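The numbers here are math on the coordinates, done by the rules we state, and not lab data. These numbers were taken from a predicted model, which means no experiment stands behind them. Methodologically, a virtual Cβ is constructed for each residue, glycine included, from the backbone with ideal geometry; neighbour enumeration extends over all protein chains shown.
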Amino acid sequence: MADRKKLSLAVWKFSSCDGCQLTLLDCEDQLLAIAEHVHISHFLEATRRVENGPYDLSLVEGSVTTPREARAIRRIRRQSRRLAVIGACATTGGIQALRNFARLEDYIGAVYARPDYIDSLATATPITEHVPVDFELRGCPIDKGQLVELLSALLNDRRPNIPHYSQCIECKRTGAVCRMVATGTPCLGPVTQAGCGTLCPTHGRGCYGCFGPAETPNADSLAARFGAGGLGGRDIHRLFHSFNANAPAFREQGSPSDG
């Protein structure tokens, strides 16, 4: 490995809160080990130094919400041998994709004193709706262990070993009590991809769906179960419409105008 050329890494921010980039910086010792084989060419959260591409690997955080971002992601894709998107914003549109269910003009008018200065797209969309990507890493924010695995895999030309099964399987493996069975707490675990380390269930709360839909989720069945348990359409809608509201499996669940 001593003679191996360092691979160039670029990290990009689109519309997001920076939380996934901060997770990368928070990797500390693990990041130092990877840094021996990586040259950071662009990462404004960590350094002001900017180098032009091409890049061996680009990590993209955030959704596309402006015309400028729509142009920028196409340029980044052309400059990147591999491109991975990280976090709920980049993979499904994130919290800002709630605008997709309303009129953008209403939001802009309520928030900004001079709406005429705002240059924004009508929707917030994931990166995959604009360019091909090589891998999607879920989470709000992403998990440190999964991020290190992603970097290691892509830099060594192998597929990342990231679980696609539901949060319920992770709860069973860690011995976490099922909140729906034990207390009747609404929980998105049956349809949510594992990856958070069973954070909410181990603290007595139901899963909030931070990691988006699991592989082949049956969201219709879970929504029906919530309804049978007494939740109205509005409450079901709110459960599914948070970090990954724009994910197809979550998008149509519940009605914001029902009970």
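Give me the mean projected area, in nm² to one decimal, of the convex hull enclosing the Cα positions of the chain.
Result: a mean projected hull area of 15.7 nm².
Just want the ordering: His203, His164, His237, from fewest to most Cβ atoms lying within 10 Å of their own Cβ.
Taking fewest neighbouring Cβ atoms as first place, the list is His203, His164, His237.
With a bin width of 10 angstrom, please list the P(r) values of the range 7-155 as percents of all Cα-Cα pairs, from the 0 bin to the one holding the largest distance.
11, 41, 32, 13, 3
How high is the FRET efficiency between Asn156 and Arg71 when r is their beta carbon distance and R₀ equals 25 Å, given to the nearest 0.05?
0.20
Taking 0.36 nm per residue of sequence separation and subtracting the Cα-Cα distance, how much length would be gained by fully extending the chain between Asn218 and Asp119, in nm to one decimal?
Using 0.36 nm per residue and subtracting the Cα-Cα distance, I get 31.9 nm.
Please work out the FRET efficiency for the pair Lys172 and Ile108, using the Cβ-Cβ distance as r and a Förster radius of 45 Å; give the result to the nearest 0.05.
Computed FRET efficiency for Lys172 and Ile108 comes out at 0.50.
Please list the non-local residues whose amide H lies under 5 Å from the amide H of Trp12, H modeled 1.01 Å from N, same-chain partners needing a gap of 5 or more.
Excluding prolines and chain starts, which carry no amide H, the hits are Leu59, Val60, Glu61.
Taking the Cα centre of each part, how many Å lie between the range 47-63 and the range 79-118?
Centre-to-centre distance over Cα atoms comes out at 21 Å.
Ranking request for peptides 132-139, 57-64: highest mean number of other beta-carbon atoms within 10 Å first, then the rest in descending order.
So the peptides 132-139, 57-64, ranked by packing, come out 57-64, 132-139.
What ranking do Thr23, Thr192, Thr47 get, fewest neighbouring Cβ atoms within 10 angstrom at the top?
Thr47, Thr23, Thr192
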